[in-house]
Amino acid sequence: MLRNSRDSFGLVSILFHWIIALIFLGQIFLGYLMVRTSDFTLQFNLFQWHKSFGFLILGLSALRLIWKFLNVRPRDPETMPPIERVAAHAAHVLLYLSLFIVPLTGWAVASSSPLQIPTFMFNLLVVPQLPITISDSAEAFWSASHAWLAYLSSVVAAAHILAALHHHFWKRDAILIRMLRSRVVGTGSKHAN
Ligand code: HEM
Ligand code: HEM
């Protein structure tokens, strides 16, 4: 099943979720490491990988958002209290926002840097710089914004992951299962383990 139904996510939404989630978590790790390495060549290469995967996230997230608007969203389980629904949806909105704002601020860091190092996206194409002010202070501003937003969004992602595990192991509903395979019937049903 490619499309979502009222009970489950379709294959396309599931693939978008896991591919983007994996790259996003990898980007946090890579970003943290690359700014702390002192080997110049290694740092240059890590920056190129970081920027390439960052642009990949931006592109995939744009496609994911279009797909989301073309699909229904599976219902929340009836057993889920209203406060939890609000918290879950707020976290999803923040995560969707992060998937755009974090790469865009990263792009602004690269574009405002007086070094003007181009991004060779996966060594296939050169990504143009954003038309913004180039100066040390502009770079410092975007760099701090990018770092703060990236780490704040990883806190939201950590809460989101803990909530998913809570549903699976504690509440034993099908919330996590329906993001792992499509066509699960009845979201409030207990899973079988
Ligand atoms: C969702 C995608 C992204 C995530 C999660 C992410 C995350 C991070 C993190 C955690 C750091 C380390 C911050 C620090 O400790 O100072 C970082 C640094 C950096 N990122 Fe990203 N990033 C993403 C996308 C991008 C993109 C698309 C670009 C550029 C086109 C980019 C350019 C940079 C640069 C230039 C730095 C170094 C900033 C500095 O000079 O301190 N990032 N990123
Ligand atoms: C091990 C890591 C993760 C797990 C176990 C997980 C689990 C889940 C589950 C079970 C759902 C479905 C919730 C529902 O049915 O209401 C979901 C949705 C979502 N997740 Fe994750 N997630 C993980 C990582 C991430 C990351 C890193 C991000 C983004 C940076 C993310 C962004 C989202 C978004 C935006 C949705 C809402 C999808 C929609 O309704 O359109 N997830 N996640």
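Amide H contacts for Thr119 (H built 1.01 Å from N in the peptide plane; partners 5 or more residues away or on another chain; cut-off under 5 Å): Val127. Across the range 127-134, coupling constants 3J(HN,Hα) worked out from phi with the 6.51/-1.76/1.60 Karplus curve, θ = phi - 60°, read 7, x, 7, 6, x, 10, 4, 9 Hz, and Gly and Pro carry x.
Summarising the amide proton neighbourhood of Asn71: residues at separation of 5 or more, or on other chains, whose placed amide H is nearer than 5 Å comprise an empty set. Ranked from largest to smallest solvent-accessible area, with a 1.4 Å probe on the protein heavy atoms, Met121, Met1 come out as Met1, Met121. Accessible surface area normalised per residue over the chain is 60 Å², counting heavy atoms of protein chains with a 1.4 Å rolling probe. Taking 7 Å steps out from each Cα toward its Cβ at Ile132 and Leu97 produces label points 1.7 nm apart. Surface composition of the range 42-189: carbon and sulfur make up 76 percent of the accessible area, probe 1.4 Å. Axis angle, to the nearest 10 degrees, between helix 11-34 and the longest C-alpha principal axis of the chain: 40 degrees.
The values are calculated or read from the model by the stated rules, or taken from the named source; none is laboratory data. For clarity, every value in this text was computed on a predicted model and none was experimentally measured. Heads up, the Cβs are rebuilt from the backbone with ideal geometry, glycines too, and the neighbour counts pull from every protein chain shown. Side chains included, ligands, DNA and RNA excluded: accessible areas come from the protein's heavy atoms. Shrake-Rupley method; radii C 1.70, N 1.55, O 1.52, S 1.80 Å.
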